[in-house]
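The values are calculated or read from the model by the stated rules, or taken from the named source; none is laboratory data. Because the structure is predicted, anything quoted here is derived from the model rather than measured. Note: ideal-geometry Cβ built from the backbone for every residue, glycine included; neighbour counts use all protein chains shown.
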Amino acid sequence: AKRRRLQYSAVPRARVAMIRELSLGLLINTNVPFSFFSDSFFQQLTWQLDPHLSDQISGSRQSMSRLLDDMYKTKNDKVKQELSDALSKIHLGFDLWTSPDRHAVMAVTAHFLDRQGKH
């Protein structure tokens, strides 16, 4: 496998990671397609805001899909850990409904006290 060359970046890795996570949140919250970040107007907008950052955040469908998978795994592991560390019993609530386009939807809510005694 070919290794990528490491390049100096004026943008800290933590900032790039945060922008990617926020970008994914934007996709999820607004229900726009993965191709949103490939749009030429969006790319021009990000370049105008910060050319260095624009170069660091890839907006391809494949990269956003991979990011979604990675973030799901990370968040899923975090939720599992929080639930296993719960100080109280875990109480579950369920809500079921049908969407306007007739899709069945189910929401599950867990109530418990975490390590800090919150939630």
Item to complete: Take HIS119 and decide whether it is surrounded by 11 or more Cβ atoms within 10 Å (Cβ to Cβ) and at positive phi.
Response: yes
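Just give me the residues in the stretch 92-115 being free of Cβ contacts under 8 Å to residues at least 24 places away in the same chain and among the aliphatic types (A, V, I, L, M), in sequence order.
Matches in the stretch 92-115: LEU92, LEU96, ALA104, VAL105, MET106, ALA107, VAL108.
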Fill in: Residues satisfying the stated conditions in the stretch 33-90, i.e. over 30 Å from HIS119 (Cα atoms) and of a type in the set (Gly, Ala, Ser)
SER35, SER38, SER40, SER54, SER58, GLY59, SER60, SER63, SER65
Worksheet, complete the sentence: Taking first residues from the stretch 7-27 that are of a type in the set (Phe, Trp, Tyr) and second residues anywhere that are modelled with pLDDT under 90 and in a loop (DSSP other than H, G, I, E, B), the pairs with Cβ under 7 Å that are 6 or more apart or on different chains are none
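Per-residue answers, yes or no, for (1) farther than 18 Å from LEU26 by Cα; (2) of a type in the set (D, E, K, R); (3) touching a His at 6+ places or on another chain (Cβ under 7 Å):
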residue: GLN44; (1), (2), (3): no, no, no
residue: GLN56; (1), (2), (3): no, no, no
residue: GLY59; (1), (2), (3): no, no, no
residue: LEU68; (1), (2), (3): no, no, no
residue: ASN76; (1), (2), (3): yes, no, no
residue: HIS111; (1), (2), (3): yes, no, yes
residue: ASP114; (1), (2), (3): yes, yes, no
Fill in: Among the residues listed as SER60, SER54, the single one being in the same structural domain as ARG13 (by TED's automatic domain parsing) and surrounded by 14 or more Cβ atoms within 10 Å (Cβ to Cβ)
SER54
